[in-house]
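Every number here is computed from the coordinates shown, using simple stated rules; none is lab data. This is a predicted model, so every value here is computed, not measured. Cβ: placed from backbone, ideal geometry, glycine included. Neighbour counts: every protein chain shown.
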Amino acid sequence: MPSSTSSSPDGADERLQEQFDRTIARDQRVEPRDWMPDGYRKTLIRQIAQHAHSEIIGMQPEGDWITRAPSLRRKAILFAKVQDEAGHGLYLYSAAETLGADREDLVERLISGRQKYSSIFNYPTPTFADVGVIGWFVDGAAICNQVPLCRSSYGPYARAMVRVCKEESFHQRQGYELLMTMMRGTEEQRAMVQDAVDRWWWPSLMMFGPPDDDSPNSARSMAWRIKRHSNDELRQRFVDMTVPQAGKLGVTLPDPELRWNEERGRHDFGTPDFTELMRVIKGDGPCNAERIGRRRAAHEEGAWVREAAAAHAAKQARREEQEKEHAA
Amino acid sequence: MSGTNGQWPLYEIFVRSKRGLNHVHVGSLRAADDRMALTHARDLYTRRNEGVSIWAMRSDGIAASTPDEKDPFFEPSGDKIYRHPTFYDIPADVPHI
Ligand SMILES: [Fe+2]
Ligand SMILES: [Fe+2]
């Protein structure tokens, strides 16, 4: 087990460390006011913040289609879905705050580019089929990632994940249903779906992160049970889950190496271009600048609203105070 | 009213999922005042009929037992096993007890 860097002569820290290690070993939850090693706290804050940022930035690619959805039904669904993603971001920001992170500081880190979010949201959504494929692939991948996190060792994170997972199933299903509808449509619509599948497949596989032998912090996160499965294991699960769904839908996944491996009882598949993943994470994806720019603009243009609400609350509080004095 | 560094204060949110059940803590959020805390809580924690009633409470107004005093604080109930029904041996053939 990793241990805290600080120590004290009377062994108090060692006892706290032992207590913490025991909690983890018994698969119990760590709660906000418990003692925890600095590394555990820092790792969690980083992971939860990046997760929160991903939910918030993730509103943009699909949000672009709200005003252009082809029917009122699709518009209402898309609205609800994007609103859920905002909710996911907020659950997660408040989970990060239980660890001592500062909300404004987190927002600042996002819009200044110092903290990352999922690479997937830096790809564009040129057609309405992208909305369907995002629900199917991206929310499907998110489900693979998030279901095990419902048993993450940090209580508030695990509980946020339980709420999130309950909502993700709607996201994935609305996407798949949208695609089924398009596949029953014209030749052109079917081509549009296949094109979106071709563009999103590999970036979706990259969502699980670098391969295990190139993922330096994974082992530690798994020892702390912040993370429950390796990147490659989750990627494999996603492939196994998605292949039969693609068959039913009638689309081809763009991987010539993709085949069922009888011996393993799982699919073999090709290797995503991890140099592309690194490039996009570092800021050089098709939409990085646009996404951050838009988030920054929303934050800055909303400043007066936040200030007005705070001023109103202060005035209201003063008034109540005066009324109390008069009554006394 | 704003928090120490100009941020909106933090609120803890409790939701009664249906009549007959207690309010349960569901999470927290930031809001400028009580009323905003309630409307935000509605939008954030009850988008799918999860509640029939919401309590919002400033986090800095909550008194909590600290984890450090855990053992002595809860000790009074630790040695009173006679408070539990299983403490008492009743023959199996005595009905309804
Ligand atoms: Fe989400
Ligand atoms: Fe989602």
Report summary line: Computed from the beta carbon distance with a Förster radius of 56 Å, FRET efficiency for residue A:264 and residue A:311 to the nearest 0.05 stands at 0.35
**Report entry** Charge dipole magnitude, Cβ of K and R +1, D and E -1 - chain A, Cα centre, debye nearest 20
**Finding:** 680
**Report entry** Separation between Cα centres of region B:28-59 and region A:82-143, rounded to whole Å
**Finding:** 22
Report task. Show which lysines lie in cross-link reach of residue A:315 when reach means a straight Cα distance below 17 angstrom and same-chain residues fewer than eight apart are skipped. Result -> A:324
Report summary line: By the Cα gyration tensor axes a ≥ b ≥ c (a/c under 1.5 gives rounded; else a/b larger than b/c gives prolate, otherwise oblate), the shape of chain B is oblate
**Report entry** Theoretical gain in end-to-end length, residue A:273 to residue A:299 [0.36 nm per residue, Cα-Cα removed]
**Finding:** 6.0 nm
Report summary line: Computed on Cα atoms, the radius of gyration and Dmax of chain A in angstrom are 22.6, 82
Requested in this report: Calculate for the protein assembly as shown the 222 nm mean residue ellipticity that helices alone would give, adding -39,500 (n - 2.57) per DSSP H run of length 4 or more and normalising by residue count, nearest 500 deg cm²/dmol.
Outcome: -17500 deg cm²/dmol
Report summary line: For region A:109-155, shape from the Cα gyration tensor axes a ≥ b ≥ c, cut at a/c of 1.5 then a/b versus b/c, turns out oblate
Report summary line: In this structure, among A:81/A:282; A:81/B:18; A:116/A:248, pairs with alpha-carbon gaps over 32 Å are A:116/A:248
Query raised in the report: Each residue of region A:68-76 in order: what ³J(HN,Hα) in whole Hz does its phi give by Karplus 6.51 cos²θ - 1.76 cosθ + 1.60, θ = phi - 60°, with x for Gly and Pro?
Result: 10, 4, x, 8, 5, 4, 5, 5, 4
Query raised in the report: Mind checking which lysines have their C-alpha under 29 Å from residue B:80, skipping anything on the same chain fewer than 8 residues away?
Result: B:70
Query raised in the report: Using θ = phi - 60° and the Karplus form 6.51 cos²θ - 1.76 cosθ + 1.60, what ³J(HN,Hα) does each residue of region A:176-191 get, whole Hz, x for Gly and Pro?
Result: 5, 5, 4, 5, 4, 4, 5, 5, 7, x, 7, 4, 4, 5, 4, 5
**Report entry** Environment charge of residue A:65, counting only residues whose C-beta is closer than 12 Å and scoring Lys/Arg +1, Asp/Glu -1
**Finding:** +1
Query raised in the report: From the residues B:13, B:44, B:25, which one has its Cα farthest along the dipole of region B:10-79 in the positive direction, the dipole being from +1 and -1 charges on Cβ of Lys/Arg and Asp/Glu about the Cα centre?
Result: B:44
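Region A:207-301: percent of C-alpha pairs farther apart than 16 Å?
69
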Query raised in the report: Which whole-Hz ³J(HN,Hα) couplings does region A:140-149 yield from phi under the Karplus relation 6.51 cos²θ - 1.76 cosθ + 1.60, θ = phi - 60°, glycine and proline marked x?
Result: x, 5, 4, 5, 4, 6, 8, 4, x, 6
Query raised in the report: What residues of region A:194-221 lie in the reach of a label at residue A:68, counting those whose backbone N is under 17 Å from a point 7 Å from the Cα along Cα→Cβ?
Result: A:195-197
Query raised in the report: For the Cα atoms of chain B, what angle does the longest principal axis make with the long axis of helix B:34-45, in degrees from 0 to 90, nearest 10?
Result: 70
Query - Counting all C-alpha pairs of region A:63-186, share separated by more than 22 Å (%) - result: 42
